[in-house]
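Throughout, read-outs are computed from the coordinates displayed, never taken from laboratory work. All values derive from a computational prediction rather than experimental measurement. Note that each Cβ is placed from the backbone with ideal geometry, even for glycine, and that neighbours are counted across all protein chains shown.
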Amino acid sequence: MARELNEVGVVGLGTMGAGITEVLARAGLRVTAVEVNDEALARGRGHLEHSTDRAVSRGKLEAGERDEIFERIRFSTSLEDLASAELVIEAIPERMELKAEIFAALDKICPPDTILATNTSSLSVTELSVVTGRPSKVIGMHFFNPAPVMKLVEVVQTVVTEPEVVADVEALAERLGKVDVTIGDRAGFIANALLFGYLNHAVSMFENRYASREDIDAAMRLGCGLPMGPLALMDLIGIDTAYEILDTMYKQSRNRLHAPSPIIKQMMTAGLLGRKSGRGFYTYAERDSAQVVPDAATPSAEGATAGARDVRAVGVVGSGTMATGIIEVFAKGGYDVRFVARAPEKVEAVQKALAKSLEKQVQRGRLEESARDEVLARVSGTTSLDELADRDLIVEAVVESLPVKEALFANLGELAKPGAVLATTTSSLPVIECAKASGRPADVVGMHFFNPAQVMKLVEVVSTISTAPDVAATAHAVSLALGKHPVSCTDRAGFIVNALLFPYLNDAVKMLEAHYATADDIDAAMKVGCGYPMGPFELLDVVGLDVSLAIERELYIEFREPGFAPAPLLEHLVTAGYLGRKTGRGFRDYASR
Ligand code: NAD
């Protein structure tokens, strides 16, 4: 039976320690919270007051309960006050020498059976354990930020951690209302090992001016359903903490994807530590505030649409899922839409699918019958590409094949009227190839919609080196008119979303392949620890393993980045025909479900 821990200590009341103290005291434990000096202690207490006051004002906590929480917390600047603690959780800065000093001190102060836990994100728990005379009582208890909200706790056992200690800590995690996964001692554990490669990559995109901070963040929120964009998340984590985590991970993995992007060190040196210092990638109203205030880097509202060409009549080429969705989006956005399919049956099928989709919206009370009729009246179908000659904008959404798209753009280049904008919805082919084939590259732009186009708000507007500024501006303006959120990027494999998403999915496969954790634990860690709508294996099975592998190969070939090389396990599953949900088996077996 696990021991019930009631008397606990927390060392360090920064971003994490204050949150951990709140979680423990809320669950009824008595907590001694220790900081370095009175000033830091007051600040830590302030974090707790702010957080609990907010919970009260939102009706999530009674005022009386808040007072009881504070009665259970003893604030102190002396480690000696931890002499009767059954468990101490350390949450001081991510530096081995500092943590080792605290552990050595705690080892002297606390009774021999006190469990010493670290909230480290990346440092070796084993290395820390051996500075004490009780390595078997040392464990990792890795909470997520903000600790009161995020439900995951990674319990990190070393090769010498006693099973009883693991059981006690697991039982505590459960009592705190958390979901725990227990794993071995490896830099980054599950969640950070997968998260930080992605965050670092997003930072390097920003640093290389591939896209703006706002666009990178919006792309990942709207394209992947993440609760926060990567740069906003870096600011929440703290730039110094992020640097230390990446640096430790790099030293252990020697994986270049973990080598901190140079700008992170520069920001750290300059004191731009994120929310906790009031400025990081974004500028905040004050220290510890979540409120972003505009600064010199904030794009102007008009900037991206300046000089946009006038668009009324739109042509769409294609008859698949994407084309049908896009036709509906444009028609609902008030544009006159003419689409081209390869055969009369396909024209009819699109019209039927469109009518059905609109009908469903009428039945659900989301669309008036009259509006449905107006939308349908704006759409006409044909099998002749020549009928697109009068269109202001032509959007291509045919099969993802370069020869097919090249042939199409060669035709469109000839038949489209002067001044027409030609857009490709490709998600993986170079837009410049379409541009070149058209013979009028300045008019060609990428408009990457996400599936289902009717629902997903993101459009990646992709400019090649030849795209005229007013053509990109037109794609922006049209996307806005459709109620979408356009982001700008240039013509590189994966654009923003896929370039950030697929290496992360690949890393998850490599982690599974290395037998570090199970697919269930990895999925749980990303969902519960990082708020992802789906775990990486769930997502791979939905997207399709073959599709994922193809995208990963493209990224690898374009960037020649060793870390992007597709995981052999993914290749093997694809070879075996396990392609995900569509074949009933991928990383999981769906046949019996
Ligand atoms: P932070 O800089 O916000 O807070 C650290 C606190 O420790 C500061 O308040 C500092 O005054 C205090 N401190 C320093 N030396 C001390 C000492 N000798 N005794 C008592 N207090 C001392 O850092 P943070 O982001 O809260 O990170 C703390 C730990 O939690 C790190 O190991 C980090 O890797 C880990 N962690 C961070 C996050 C995150 O998102 N920030 C998430 C999970 C885990």
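Taking the DSSP beta bridges in the chain as the whole, what percent of them are antiparallel, to the nearest 5?
Approximately 20 percent, going by the DSSP bridge assignments.
Just to be sure I understand the model, the point goes 7 Å from the Cα along the line to the Cβ. What's the resulting E127 to L569 distance in nm?
2.6 nm
What do the square roots of 5 times the Cα gyration tensor eigenvalues come to for the chain, in whole Å, largest first, as semi-axes of the equivalent ellipsoid?
Working: eigenvalues 516, 122, 103 Å².
Output for the chain: semi-axes of 51, 25, 23 Å.
Can you give me the convex hull volume of the Cα atoms of the range 1-128, divided per residue and expressed in Å³?
115 Å³
Starting from the Cα of H50, step 7 Å toward the Cβ, then list every residue of the range 12-40 with an amide N under 12 Å from that point.
Only 14-16, 18-19 pass the distance filter.
Using amide H atoms built 1.01 Å from N in the peptide plane, name the residues 5+ places from D288, or on other chains, whose amide H lies under 5 Å from its own.
Those qualifying (amide H under 5 Å, at least 5 residues apart or on another chain) are K276, S277, G278.
Place +1 on the Cβ of every Lys and Arg and -1 on the Cβ of every Asp and Glu in the chain, take the dipole about the Cα centre, and give the residue among V461, A104, T77 whose Cα lies farthest towards its positive end.
Ranked along the dipole, the leading option is V461.
Suppose we look only past 18 Å in the calculated P(r) of the range 76-205. What percent of the Cα-Cα pairs does that tail hold?
The share of Cα pairs beyond 18 Å in the range 76-205 comes to 53 percent.
Quick one: Debye curve from the C-alpha atoms of the range 1-68, no solvent, what's log10 I(q)/I(0) at q = 0.13, 0.17, 0.24 Å⁻¹?
-0.38, -0.62, -1.06
Using the beta-carbon distance between E207 and L98 and R0 = 22 Å, what value does 1/(1 + (r/R0)^6) give for FRET efficiency, to the nearest 0.05?
Taking R0 as 22 Å, the efficiency between E207 and L98 is 0.20.
Can you pull the three principal axis extents for the Cα set of the range 221-368, in Å, largest first?
That gives 63, 37, 35 Å along the principal axes, largest extent first.
Helix-derived [θ] at 222 nm for the chain: sum -39500 (n - 2.57) over DSSP H runs of at least 4, divide by residue count, nearest 500? Kindly include the intermediate steps, with their values, before the conclusion.
On the way: 22 runs with 263 residues, N = 593.
Calculated from helices alone, the mean residue ellipticity at 222 nm is -14000 deg cm²/dmol.
In whole Å, what are the Cα extents of the range 360-448 along the three principal axes, biggest one first?
In descending order, the Cα extents are 45, 28, 22 Å.
Distance between the C-alpha centers of the range 408-424 and the range 573-591? Whole Å please.
Going from one Cα centre to the other spans 40 Å.
In whole Hz and in residue order, list the ³J(HN,Hα) couplings for the range 218-227 that follow from phi through the Karplus curve 6.51 cos²θ - 1.76 cosθ + 1.60, θ = phi - 60°; x for Gly and Pro.
For the range 218-227, the Karplus-derived couplings read 5, 4, 6, 5, 7, x, 10, x, 6, x Hz, x marking Gly and Pro.
Expressed in nm to one decimal, what extension gain is obtained for the pair S370 and S300 from 0.36 nm per residue of sequence separation less their Cα-Cα distance?
Numbers: separation 70, 0.36 × 70 = 25.20 nm, distance 3.74 nm.
Difference between extended and current length: 21.5 nm.
Would you work out the charge dipole size for the range 127-261 about its Cα centre, treating the Cβ of every Lys and Arg as +1 and the Cβ of every Asp and Glu as -1, and quote it to the nearest 20 debye?
240 debye
How many angstrom lie between the C-alpha centres of the range 125-177 and the range 1-67?
19 Å
Charges only on Cβ, +1 for Lys and Arg, -1 for Asp and Glu: so what's the dipole of the range 438-593 about the Cα centre, in debye to the nearest 20? Provide the component values of the computation, followed by the final result.
Working: 13 positive and 18 negative charges, 73 e Å.
Charge dipole of the range 438-593: 360 debye, to the nearest 20.
Enumerate the calculated ³J(HN,Hα) couplings along the range 289-302 in order (Karplus 6.51 cos²θ - 1.76 cosθ + 1.60, θ = phi - 60°), each rounded to whole Hz, writing x wherever the residue is Gly or Pro.
8, 9, 7, 7, 10, x, 9, 4, 8, 6, x, 6, 4, 7
Given V130, H448, I326, which one lies farthest toward the positive end of the charge dipole of the chain, if we put +1 on the Cβ of every Lys and Arg and -1 on the Cβ of every Asp and Glu?
Ranked along the dipole, the leading option is I326.
Applying 1/(1 + (r/R0)^6) with R0 = 60 Å to the Cβ-Cβ distance of E387 and E286, what FRET efficiency is obtained, to the nearest 0.05? The partial results should precede the final answer.
Values: r = 59 Å, r/R0 = 0.98.
The value I calculate is 0.55.
Efficiency by 1/(1 + (r/R0)^6): what FRET value for A42 and V542, r their Cβ-Cβ distance, R0 = 45 Å, to the nearest 0.05?
0.40
Mind checking which of N119, V317, M249 is farthest towards the positive end of the chain's charge dipole, using Cβ charges of +1 (Lys, Arg) and -1 (Asp, Glu) about the Cα centre?
The listed residue farthest towards the positive side: V317.
Using amide H atoms built 1.01 Å from N in the peptide plane, name the residues 5+ places from V179, or on other chains, whose amide H lies under 5 Å from its own.
Close amide H contacts, sequence-distant or interchain: L152, V153.
Cross-link partners among lysines for K332, C-alpha distance below 17 Å, same-chain residues fewer than 8 apart left out?
Excluding near neighbours in sequence, the set is K352, K356, K360, K457, K484.
Kindly rank 529-535, 428-434, 567-573 from highest to lowest mean number of other beta carbons found within 10 Å of each residue.
Ranked by mean Cβ neighbours within 10 Å, highest first: 428-434, 529-535, 567-573.
Would you mind computing, in nm to one decimal, how far apart the modelled labels at R72 and R256 are, each placed 7 Å from Cα along Cα→Cβ?
5.0 nm
Sequence gap at least 6, Cα distance under 8 Å: using those rules, report the relative contact order of the range 474-593 to the nearest whole percent.
Relative contact order comes out at 23 percent.
Can you tell me which of 259-266, 409-416 comes out highest on packing, and rank the rest after it, using the mean Cβ neighbours within 10 Å? Intermediate values should be presented prior to the final figure.
Details: 259-266: 16.8, 409-416: 19.5.
Final packing ranking: 409-416, 259-266.
Got a sec to turn the phi values of the range 505-518 into Karplus ³J(HN,Hα) couplings, 6.51 cos²θ - 1.76 cosθ + 1.60 with θ = phi - 60°, whole Hz, x for Gly and Pro?
4, 5, 4, 5, 5, 5, 5, 5, 4, 7, 6, 6, 8, 7
Which residues' amide hydrogens lie under 5 Å from the amide hydrogen of H485, considering only partners 5 or more residues apart or on another chain, with H built in the peptide plane?
Amide H neighbours of H485, under 5 Å, 5+ apart: L458, V459.
Measuring from label point to label point, each 7 Å out along Cα→Cβ, what is the E558 to A270 span in nm?
Each label point is offset 7 Å from its Cα along the Cβ direction, giving 2.8 nm.
Could you please state, rounded to a whole Å, how far the C-alpha centre of the range 263-307 is from the C-alpha centre of the range 313-335?
The distance from the Cα centre of the range 263-307 to that of the range 313-335 comes to 37 Å.
Taking the Cα centre of the chain as origin, sum charge times position over the Cβ atoms of Lys and Arg (+1) and Asp and Glu (-1), and report the length of that vector in debye to the nearest 20.
1100 debye
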